[in-house]
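Below is one structure; the comments refer to it alone.
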Amino acid sequence: MNVDEALKVFGLTTQLIEHELDQVEAGLGIDLGRGNKTVVIEEDHEYYPQIEQAFRDEAAAMAPHYEMFYSLEKTIRSLVAETLRAADGGSWWSGMRVPTKIKTDCDARRQKEIDTGNTPRSDDELDFATFGELGQIITSNWDVFGSLFRSAKAVERVMSNLNTLRGPIAHCSPLAEDEVLRLRLTVRDWSA
């Protein structure tokens, strides 16, 4: 593992620890004086009087899981891009490293966003790849990624778990306690 990858793993581990400390503080009603409390600006809430407090509370409870998942997904995308760029230079996307179907599907998703008149989420083609497609890119380039991971099947399993966990997080559903644990374990599996 190179220094950049080690720093990313360290960052994700730190986020997990911070989240767990937040839960300890909330559960015990104590302040450990870590000084990292989220400041809620009350003016923001006056624009949303129609939103029930229960939904706001649920959103606050889900925020750390979203943050963890967002950070992990960005880390995985970055790892894929940096690893393939190191192997093939800046033309890795247009070369033979990415299966044609994935390129076509990513282009279609990007075009669909352009056609809506909204600003596309990114200029980077890889940002339009699904979790399943990211896993396919990794496993289809095992000659490059094999030194970073222990097993292609393990990568597929972790990516599949992440894809399943992504649904409730992305579609505003609370995670069951078992799924919160599964998310933490999957993040740890990815980082191992």
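The table below lists the values:
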item	result
Some residue of region 7-18 being at pLDDT 85 or above, surrounded by 11 or more Cβ atoms within 10 Å (Cβ to Cβ), under 26 Å from L185 (Cβ atoms) and among the small types (G, A, S)	no
Residue list for region 112-131, restricted to those being part of a helix (DSSP H, G or I) and either touching a residue at least 60 places away in the same chain (Cβ under 8 Å) or exposed (fewer than 14 other Cβ atoms within 10 Å of the Cβ) (or both)	K112, I114, D115
Residues located in region 91-111, provided they are in a helix (DSSP H, G or I) and free of Cβ contacts under 8 Å to residues at least 24 places away in the same chain	S91, T100, K101, K103, T104, D107, A108, R109, R110, Q111
Top-ranked residue in region 141-192 [being small (G, A, S) and not in a helix (DSSP H, G or I); ranked as surrounded by the most Cβ atoms within 10 Å (Cβ to Cβ)]	G146
Top-ranked residue of region 48-80 - restricted to ones that are among the polar types (S, T, N, Q) and more than 16 Å from T13 (Cα to Cα), ranked as modelled with the lowest pLDDT	Q50
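The values are calculated or read from the model by the stated rules, or taken from the named source; none is laboratory data. Nothing here was measured: the structure is a model prediction, and the numbers come from that model. Positions of Cβ are generated from backbone atoms using ideal geometry, with glycine treated the same way; all protein chains shown enter the neighbour counts.
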